[in-house]
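See below for the structure under consideration.
The values are calculated or read from the model by the stated rules, or taken from the named source; none is laboratory data. Since this is a predicted model, take the numbers as computed values, not measurements. Cβ atoms come from the backbone with ideal geometry, glycine included; neighbour counts cover every protein chain shown. Keep in mind that these areas ignore ligands, DNA and RNA; they rest on the heavy atoms of the full protein, side chains included. Shrake-Rupley method; radii C 1.70, N 1.55, O 1.52, S 1.80 Å.
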Amino acid sequence: MPATAYQPLLNPITVVGPQFCAQYPVDLVIVKKVMTISHGNFAVTDVNGSVIFKVKGTLLSLHDHRVLLDAAGKPIVSLQRKMLSMHRRWQVFRGESSDPKDLLFSTKLSSIIQLKTELDVFLAANTKEEICDFKLKGSWFDRSCTVYAGNSNTIIAQMHKKHNVQSVLLGKDTFAVTVYPNVDYAFIVALIVILDEINEHKND
């Protein structure tokens, strides 16, 4: 789809930081290392292969915990799964914090029983959580998902699996993500990591 087909949002969606918003569509490639002991090991690159983010998981952690790092290894956000949550709630904090004052957003399954994954996303200021700020709908079987603004049909990002024989042989899962103009792409990457984690623990 040509860049002109994307309609930039009037108000940029900034969740993690304005430095992660672009006025054009951002195409990212997410590579997950499948054959690894610890969960949550991802590399996020641009279409030229330059690393933009890395995701590191902790092996022996009471709480499922992931950290999104920039290319230089600086922590951007921490993702933490709430234990004993029926809706598989995750919370995302700025940097390596887990302090409530540094909460950026949280996610939970729209319903406990789902055929296709549907996540409600609530910004930190939305304490009542009556209406979600964003919604992610996807099928992990198809390795695809779409992120919407609120309960609207306004798409802000899409992901699909990249079929690559070399990736399969190397034990890697590869996904292509298109983040729409004026949308925080660090925020979108964090959502996709959460989607993967929910899939990993679907039988817990």
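Observations on the structure shown:
- Lone qualifier among 51, 34 - being of a type in the set (A, V, I, L, M) and either in contact with a helix residue (DSSP H, G or I) (Cβ under 6 Å, 6 or more places away or on another chain) or modelled with pLDDT of 75 or more (or both): 51
- Unmet requirement for residue 137, which otherwise passes all of (1) modelled with pLDDT of 90 or more; (2) in contact with a Gly (Cβ under 7 Å, 6 or more places away or on another chain); (3) open to solvent by 20 Å² or more (accessible area, probe 1.4 Å); (4) within 24 Å of residue 29 (Cα to Cα): (2)
- Of residues in the stretch 140-156 being of a type in the set (Gly, Ala, Ser) and on the phi < 0 side of the Ramachandran plot, the one modelled with the lowest pLDDT: 144
- Of all residues making up the stretch 81-96, the number that are open to solvent by less than 50 Å² (accessible area, probe 1.4 Å) and either among the hydrophobic types (A, V, I, L, M, F, W, C) or modelled with pLDDT under 90 (or both): 7
- Residue in the stretch 157-171 that is open to solvent by 10 Å² or more (accessible area, probe 1.4 Å) and at pLDDT 90 or above present: yes
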